Amino acid sequence: MTGGHVTIIAMPVQRLHMDEFVRPLVDIVARLGLAPRVIHYAEGLRDVEPPIVLSGTGIMDYAYLERLEAFEPLRDLEPILGICAGAQVLALLRGGALTDGELIGTFDVEVRRTNPLLPGGRARAYFLVTKLVVPRGDVEPLAYVGENVAAFMAGDGTYGVMFHPEVYNEDIIVRFLDLSKGRL
Amino acid sequence: MRLAALFSGGKDSTLALHRAVELGYDVAVLVSMVPERGDSMLYHVPNAQWTALQAEAMGLPIIQRGVGDDEEAALLEALREAARTYGVEGIVTGAVRSTFQAARFQRAARRLGLWCFNPLWLMDQRAVLRETLERGFKYIITAVAAYPLGEDLLGRPVDWGIAEALMGLSEYINPAGEGGEYETFVLYAPLFKRRLRIVEGDRKYSRETYTGEYIIRRVVLEGPT
């Protein structure tokens with residue numbers, strides 16, 4: 001996997017969160033020999049190209065939920081992977097909803113539906129989330145943490161994970177980019 | 001935004017503090033937890049009481065709290081005081097890889113309605129070491145807890161030679177010591193207005209467990225006041 005560009009949409013409103021939530025994704029993409037292109041959602045997303053990874057952000061940061069119109073250009077773009085805050089946005093764009101719920105720390109995720117992104121069985125994952133996804137519209141759950149949705153798909157190339165795969169599940173990002181090969 | 005820096009006195013929390021200040025955040029106070037037990041899972045242990053002198057060197061106030069069995073309760077209490085007394089809206093920590101540590105900091109901040117920043121999170125361990133030296137940090141190794149780190153390292157300043165040696169041991173240890181393989185104590189960094197000089201210290205080392213500490217007995221501030 002070398003050469004192609006990967007768009008990373010930065011979600012943090014605070015600059016000090018960029019190194020925590022965006023830089024690790026940039027590092028993973030670069031280690032794969034791909035070229036990360038980072039853009040913040042506030043810069044305008046009209047010209048972004050897939051494959052796209054939407055980052056997470058800090059727990060107190062809910063600015064993205066007040067700027068949902070900024071993500072409208074992503075409505076029909078695939079392949080796209082949302083992480084935590086990014087997954088919340090994708091769920092809302094695809095007809096899902098959010099509910100308050102706190103998951104902070106490492107929890108077991110159980111994959112309940114065979115899919116190309118997540119290996120079957122159980123895996124530990126690191127969560128940093130206070131808004132969980134309610135599956136409605138096109139949002140189809142793939143994995144759960146307890147009875148909460150931990151990962152979903154919404155169309156063939158749209159995935160959301162409520163945890164931070166860059167911590168314990170880097171393989172998910174690698175697999176997503178591998179699935180996106182035709183676009184790289 | 002006004003922040004409190006969770007400060008252990010070691011290189012990682014010092015680097016995180018520098019990153020925050022450079023980005024324009026107002027670090028108004030240091031918060032330092034001083035474990036009463038040597039096996040604290042959450043806090044860096046050796047020489048934690050000397051963080052007050054490091055704070056003085058930086059011209060910052062410090063909240064120091066002794067930590068007993070309930071480490072999370074002590075952290076909450078210290079952060080509550082930082083918010084009440086200094087009006088901080090968030091904390092910055094030097095967490096790099098430990099989800100155990102990071103999750104506890106995140107939960108404590110959330111309970112108090114504070115932002116939580118971990119600017120070194122998932123950073124390549126060798127890059128952490130390199131950045132501290134490139135910035136001119138001066139620090140010593142104050143504890144070792146992993147083979148093949150030996151007694152000779154205790155009290156030693158970390159220079160490029162030591163850093164290269166640590167990076168060469170990545171098969172055995174985390175090169176930046178994030179897993180507790182070694183601990184550090186900062187004597188100088190760019191935000192320090194004065195330098196610390198160790199006058200007296202003792203080594204304790206066990207060849208059976210490959211663990212040891214350098215206990216600072218006396219340390220003074222030098223340079224302009």
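Just one of the listed residues (B:Val67, B:Val31) is modelled with pLDDT of 95 or more and surrounded by 19 or more Cβ atoms within 10 Å (Cβ to Cβ), and it is B:Val31.
Within the stretch B:146-167, can you find the residues that are open to solvent by 40 Å² or more (accessible area, probe 1.4 Å) and at pLDDT 85 or above?
B:Glu151, B:Asp152, B:Arg156, B:Pro157, B:Asp159, B:Trp160, B:Gly161, B:Glu164, B:Ala165
Any residue at all in the stretch B:211-220 that's part of a loop (DSSP other than H, G, I, E, B) and among the small types (Gly, Ala, Ser)? For the stretch B:211-220, residues part of a loop (DSSP other than H, G, I, E, B) and among the small types (Gly, Ala, Ser): absent. Taken as a whole, the stretch B:92-100 holds at least one residue that is within 14 Å of another protein chain (Cβ to nearest Cβ), buried (at least 16 other Cβ atoms within 10 Å of the Cβ) and assigned to a helix (DSSP H, G or I).
Taking the stretch B:112-128 as the range and being modelled with pLDDT of 95 or more, at the interface with chain A (Cβ under 10 Å from one of its Cβ atoms) and either part of a helix (DSSP H, G or I) or open to solvent by 30 Å² or more (accessible area, probe 1.4 Å) (or both) as the test, the residues that pass are B:Gly113, B:Trp115. You will find that of B:Ala78, B:Ala57, B:Ala74, the residue that is more than 14 Å from every other protein chain (Cβ to nearest Cβ), touching a Lys or Arg at 6+ places or on another chain (Cβ under 7 Å), in a helix (DSSP H, G or I) and modelled with pLDDT under 95 is B:Ala74 and no other. Here the stretch B:101-111 is the region considered, the condition is being of a type in the set (Gly, Ala, Ser) and without any contact (Cβ under 8 Å) to a residue 24 or more places away in the chain, and the residue that is farthest from the other protein chains (Cβ to nearest Cβ) is B:Ala102. Check A:Asp138 against each of (1) among the acidic types (Asp, Glu); (2) modelled with pLDDT of 95 or more; (3) surrounded by fewer than 15 Cβ atoms within 10 Å (Cβ to Cβ) and name the one condition it does not meet. So the condition that A:Asp138 fails would be (3).
The values are calculated or read from the model by the stated rules, or taken from the named source; none is laboratory data. On a predicted model such as this, the values are computed, not experimentally measured, just so you know. Please note: Cβ atoms are built from the backbone with ideal geometry, for glycine as well, and neighbour counts cover all protein chains shown. Remember, those area values only see protein heavy atoms, side chains included, never the ligands or the DNA or RNA. Shrake-Rupley method; radii C 1.70, N 1.55, O 1.52, S 1.80 Å.
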